[in-house]
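Have a look at the structure below, then the notes.
Any read-out appearing in this document is the output of simple, stated calculations on the displayed coordinates, not a laboratory observation. Fair warning: this is a prediction, and the values are worked out from it, not measured in the lab. Here the Cβ positions follow ideal geometry from the backbone for every residue, glycine too, while neighbour counts run over all protein chains shown.
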Amino acid sequence: MTPSSRTLARGPVWPLFVAVAFAAVALTALVLIENQKLLGAALAITAAFCFCAARFGGVAATEVAASENPWLLRGLITVASLAVIFVLRDDNFGLLMLATVLIYATICLGLTVQMGYAGLTNFAAAAFAGTGGYTAAMLGQQGGLPDALVLVCGGLVAVFIGSLLILPVLRTRGHYGALTTMAFGVMFNVFLDANDFFGGPQGLKLPGINLFGWDFTNDIHIFGLVLSSYVNYVILTGILTALAMIFVGLLDRSWVGVWFDVVRLDETAASVFGLKIAYWKVLAFTIGNFLAGLMGAVYAKMTGFIAPANFTFGDSLVMVSIVILGGIGNRWGVLPAALIVVLLPEKLQFIQEYRLIFYAVLVIAILTMRPDGLVARRVRKLRAEASA
Amino acid sequence: MGMIGQHLLNGLMQGTIYGLVAMGFTIFFGVMNVIKFSHGDVLTLGAFGGLVAVWAANALGLSVPLQFIVALCVAMALTAVVGAGISHFLIMPLRNAPPLNMLLMTMMVGTAIREAIRLFFPNGTNPQRFPELLPAGGFNIGPSFFRTDAIILIIAGAASIGAVYWIINHSKFGLAMRAVAEDTETARVMGINFGRIIPLTFALGSITAGFAGMIYALYYSEINYSMGLLLAVIGFTAAIVGGLGNIWGAIIGGYLFAGLQTFVVAAMPSMSDYKNVFAFVLIIVLITWRPTGLLAERGSERV
Amino acid sequence: MGTITKRGLAALAVASVLPLAFGSFSAAFAKDKVKIAFVGPLTGAISPHGIGGRNSAELAVKLMNAEPNTKYEYELVVLDDECKPNVGVQVVTKIASDRSIIAAIPHYCSATAIATVDIFNRFKMPMVVWAAVLPEITYAKKYPEVHRVSGILIGQNRIGAQFMKARGYKKFVSFADSTDYGKSMNKYFTQFTLENGSEILGSFSVPPDQQDLSAELTKIKELNPEVIYFGGLTPLGARLRTQMAKFGINAQLEGNSGIMGDAFVNAAGPELAEGTLTFFDSPPLSKMPGGKMFSDAYKAAGYSEPPEAYGPFAYVATRLVMETIEKVGPDRAKVTADLGDVKDRPSIVGPVTFDDHGQNITPLTTSYVVQDGKWVVWEESEYVSGKRKLKNLP
């Protein structure tokens, strides 16, 4: 134990170092390892480590340390991320997958605000991401607009399209809300398929990102090292994910988060307190859709190609399943869940046509064993909140 | 529009299938507050079971009517067992989890069933021909062609809807089911065997899937591993639009959806690409207008 | 090219027994290992084609490795693109950035291939498309890395339209799926049919997973065409044929390469499939030198799934890639350069010649008709001799 000198109540910080270092190593290993047996071993070790950490109070210690040293945590994560990027620097595929994981995670942070905080149901996240992607593609064809604005426009158009759905979303709840958004998601896809203006089922090509004169498609030459061009995307998506994490965290810890809780848990009570329920729901819906649209635009630019088949109802389901597997309402949960959901099918290529059934059975197993998700939602400690 | 009678008949047939599927959704929801998305794939399983039964019966040299009966019994028995099994091993343990978890779980169960059929049924990815067991042919009224088998199937479908309605509202089992649906705790106190009623209810709902699967197979003479997915989406939609937990709502929703699809193609054939866009836009409008379904469920909120 | 010689076949038989007898003895005279990649849809509704293609590519590698005089030992890396462009981009990035993989045999689905050609170009990885048929794959840009053994769908539609004109058909209805494939098929069908002065009474487009076609068919019955043209894949095609019969529509069905294969006949049943026409870019295997060897070897290898229509193309593409590597060595740039020069290379699907876009321009488009539950070359069918008749012949 190395007690911090300033206050007596402080816990040790070393679990934080261990946790971040472990996460970085596990992440790198998971991305790099191609051999099936090694991968299985790495997964087993990771699971065992997590289990032991949870069993012997390591997780709790890490949480205490993290909440007491937020800036240390952020610094450690930055250092660890740079280390991971350095190790993966010329592994194009690994970096592409990493960026994809980060994009999914950020979209799911938006979903966390919608579904976890405000209690809305959104089964059309892929459609909103697709809206952003198509916006980027169409604006790219026109040309003239700098890419930073194009990406933001992706988010704004998604918000605009989402606002068409506001009325049904406000009026419906639960399964009825699920149907509205599901219908929208399916409709979005059919419309793009039928329509020739947006490229039809063949899709559209679009160039990579060029941010303030920095061309993302070029390899980076730095200190005599050559870094893959995908490092650009990993850094960009990493920064966006970090900002979204911080933003969503602040949201949750502020009064807004408390209002969201009230709106989600008891609408009647909320209206008794004079809360405008519609206002908070619209806010959550807007935040989520903006994140989806923004990251959809980044995704489209990164892969250089979009087609309706990228944004199907099935993809929306994948995003919802990330939120649920991670533990609905917990922003940290989406990171491991996104990693598993995005990376696993890719790592399972060796079982070829049996991938999907294996994946389905695995999700069933996780749901049965951890009904609250990998990282369960924390009960709000109001006293701590108030003093924070 | 000389074919209006024909379109009406087409819509009626599709609506019967959709309605039957939607009815299953509504039964599960009514009793357990569960959306069981694997319902469509259980239907597929029933149809494939029926196909194997027909092959076997044919190999044994049974007559066509006997083949038909064997296939129907196998399909319904198979779906009943699978439905009860899913409820007992997967849904019951999760019944206190958030509804979304349950939705994801049942979707994954559906995926597993679907993939299993695709991988383990011989040549399972390709569509399979289902033998014609009902009298072929039909008769013309004006320009419309009325298929004999379609008429038989519509009547059978309507009869099965009636039978389920009777079971739920007039049988002892139905009474117990409704009691559990209304208030599980009280029902338990009153001596209703909760642990038995739930699997039986799921068996009943799944039997309707098996029946719908057979209707489907006989009407289209072709089945494939993925047919249940779209039917589940449509059945779910129909059940919700009609109002979850209300059997008549599900039936109305089913016919409504079929009517919508048929109408767009019949009225604007050049826009047939967009028919699902129209259908879903209308669904969104309907659900905005009646946020708890056309026939609102009893008890204000369940979700 | 010594596609599959008898010796090769014997060697395969020996090779499959050897490991049993000597364990890993073969490692003793190890050659340099060379990796090549196969990409196709292994899950989802179109997976039979992907799996058939994979088996065929695997067979090509096995046979090549069994030949004693090769310089390298080949290893096939198999990846599933799920027929989705985004997944395609992922897996192609994976193989293209893996320097140990020299070349690729990618894609059944056109939208996927269109999405990935840029990546092949960017990483300078040579590839030979085995089955996708949209023209844009090779013709949208001029990438030296991109080649394709399968024909483009323009050719089969041109020949189909000429064929139907020669029979005297005048009134058509087009029925296509709403994917890029169906849309493109419909586009060229419409173009060539109108050029021939025929009439198209209506065009229908439905999602490939739509089950109930009754609304469309009722409309088609009203239009009363002589011919229904179908642009799509087997599942929808079989559904269309089955439901046409149920509605008593007695039109001639004109298919395309998407329904070629036994699966269509099995799903529709031999009676209903009878007389269905199709235009496909390869003569039957039995007609081609080495074709019978392929069928026999495929059977001998014990695959439970059939090779499907494009399996032979996958075999040819894989074979072509390996022959090139044998010639110039496992070097991406050299393989790319050498593939560009392929001319009149005999293969089991006909001679292969790549134009300056890497497109095989010599597909032997052949007309087929279903007769007694089998796809038969039109010229050899009983329909030519007049013993049987197509429907609605004017």
Separation of the stretch C:233-267 and the stretch A:172-226 by C-alpha centroid, Å? 35 Å
For A:Ile324, net neighbour charge (Lys/Arg +1, Asp/Glu -1) across residues whose Cβ lies under 12 Å away: +1
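Percent of Cα-Cα pairs more than 26 Å apart in the stretch C:102-228, please. Could the numbers behind the result be given before it?
Values: 2864 of 8001 pairs.
Of the Cα pairs, 36 percent sit more than 26 Å apart.
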Compute the relative contact order of the stretch A:139-256 as a whole-number percentage, counting only Cα pairs closer than 8 Å that sit 6 or more residues apart in sequence. 18 percent
List the cysteines in the protein assembly as shown whose Cβ has no other cysteine Cβ under 4.7 Å from it. A:Cys50, A:Cys52, A:Cys108, A:Cys153, B:Cys73
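In the neighborhood of B:Ile113, defined by Cβ-to-Cβ distances under 14 Å, what is the net charge if each Lys or Arg adds +1 and each Asp or Glu adds -1?
Details: positive: B:Lys36, B:Arg114, B:Arg118; negative: B:Asp41, B:Glu115.
Taking every Cβ under 14 Å from that of B:Ile113, the sum is +1.
Hey, got a sec? Which trypsin sites (Lys or Arg not before Pro) in the stretch C:47-118 land in a DSSP loop and have at most 13 other Cβ atoms within 10 Å? It would help to have the intermediate numbers written out before the result.
On the way: sites: C:Arg54, C:Lys62, C:Lys71, C:Lys94, C:Arg99; in loops: C:Lys71, C:Arg99.
Taking the stretch C:47-118 and a limit of 13 other Cβ atoms within 10 Å, the loop trypsin sites (Lys or Arg not before Pro) found are C:Lys71, C:Arg99.
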Average partner chain C-beta neighbours within 10 Å, per residue of A:191-198? 4
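Kindly provide the helix-only [θ] at 222 nm of chain A, computed as the sum of -39,500 (n - 2.57) over DSSP H runs of four or more divided by all residues, to the nearest 500 deg cm²/dmol? Please report the intermediate quantities before stating the final value.
On the way: 17 runs with 268 residues, N = 388.
Rounded to the nearest 500, the figure is -23000 deg cm²/dmol.
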Around C:Gly248, with a cut-off of 9 angstrom between Cβ atoms, what is the net charge of the other residues, counting Lys and Arg +1 and Asp and Glu -1? +3
Between helix C:110-122 and chain C, what is the angle of the helix's C-alpha long axis to the longest principal axis, kept within 0 to 90° and rounded to the nearest 10? 30 degrees
For the stretch C:240-344, the fraction of alpha-carbon pairs in successive 10 Å shells from zero, as %: 12, 31, 27, 18, 9, 3, 0
Any chance you could check the Cα centroid distance between the stretch A:257-275 and the stretch B:2-19 for me, in angstrom? 46 Å
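If packing is taken as the average number of other Cβ atoms within 10 Å across a peptide's residues, how do A:59-65, A:99-105 rank, most packed first?
Working: A:59-65: 18.1, A:99-105: 25.9.
Ranking the peptides A:59-65, A:99-105 by packing returns A:99-105, A:59-65.
Averaging over every viewing direction, what projected area does the convex hull of the Cα atoms of the stretch A:1-87 cover, in nm²? Walk me through the numbers before you get to the answer.
Numbers: hull surface 24.8 nm².
That works out to 6.2 nm².
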Taking N as the number of residues in the stretch A:142-223, what value does Rg over Cα atoms divided by 2.2 N^0.38 Å take? 1.53
So how do C:286-296, C:77-87 stack up, highest first, on mean other-Cβ count within 10 Å? C:77-87, C:286-296
Over 27 Å between C-alpha atoms is what I'm after, so list which of C:Lys31/C:Lys84; A:Lys37/C:Lys124; C:Lys124/C:Lys327 land there. C:Lys31/C:Lys84; A:Lys37/C:Lys124
Report, in cubic angstrom per residue, the convex hull volume of the C-alpha atoms of chain A. 162 Å³
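Would you please report the Å³ per residue occupied by the convex hull of the alpha carbon atoms in the stretch A:255-388?
Numbers: hull volume 20.9 nm³, N = 134.
It is 156 Å³ per residue.
Taking the square root of 5 times each eigenvalue of the Cα gyration tensor, what semi-axes in Å does the equivalent ellipsoid of chain B have, largest first? Mind dumping the intermediate values first?
Details: eigenvalues 181, 126, 67 Å².
So the equivalent ellipsoid measures 30, 25, 18 Å along its semi-axes.
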Which Rg and Dmax, in Å, describe the Cα atoms of the stretch C:312-393? 18.6, 57
Compactness of the protein assembly as shown, expressed as Rg and Dmax over alpha-carbon positions, Å: 29.8, 101
Across 5 Å bins beginning at 0, the whole-percent shares of Cα-Cα pair distances in the stretch B:189-299 come to 2, 10, 14, 18, 19, 16, 10, 5, 3, 1, 1, 0, 0
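Averaging sequence separations of C-alpha pairs under 8 Å and six or more residues apart, then dividing by the length of chain B, give the relative contact order as a whole percent.
Working: 479 pairs, mean separation 106.6, N = 303.
With pairs under 8 Å counted, the relative contact order is 35 percent.
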If you take the beta carbon distance between C:Ala301 and C:Asp355 as r and set R0 to 30 Å, what does 1/(1 + (r/R0)^6) give as a FRET efficiency, to the nearest 0.05? 0.35
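Given the Cα atoms of chain C, and with Rh set as the inverse mean 1/r over their pairs in the Kirkwood sense, what is Rg to Rh to two decimals? Could the numbers behind the result be given before it?
Values: Rg = 21.5 Å, Rh = 21.6 Å.
Computed over Cα atoms, the ratio is 0.99.
From Cα pairs below 8 angstrom and at least 6 apart in sequence, can you work out the relative contact order of the stretch A:94-387, rounded to a whole percent? Show your work: numbers first, answer last.
Values: 469 pairs, mean separation 102.5, N = 294.
Once normalised by length, the contact order is 35 percent.
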When the charge dipole of the protein assembly as shown is computed with +1 at the Cβ of Lys and Arg and -1 at the Cβ of Asp and Glu, the Cα pointing farthest to the positive end, of A:Leu339, C:Leu63, A:Val152, is that of A:Leu339
Base-10 log of normalised Debye intensity for the stretch A:60-197 (one unit scatterer per alpha-carbon) at q = 0.21 Å⁻¹: -1.24
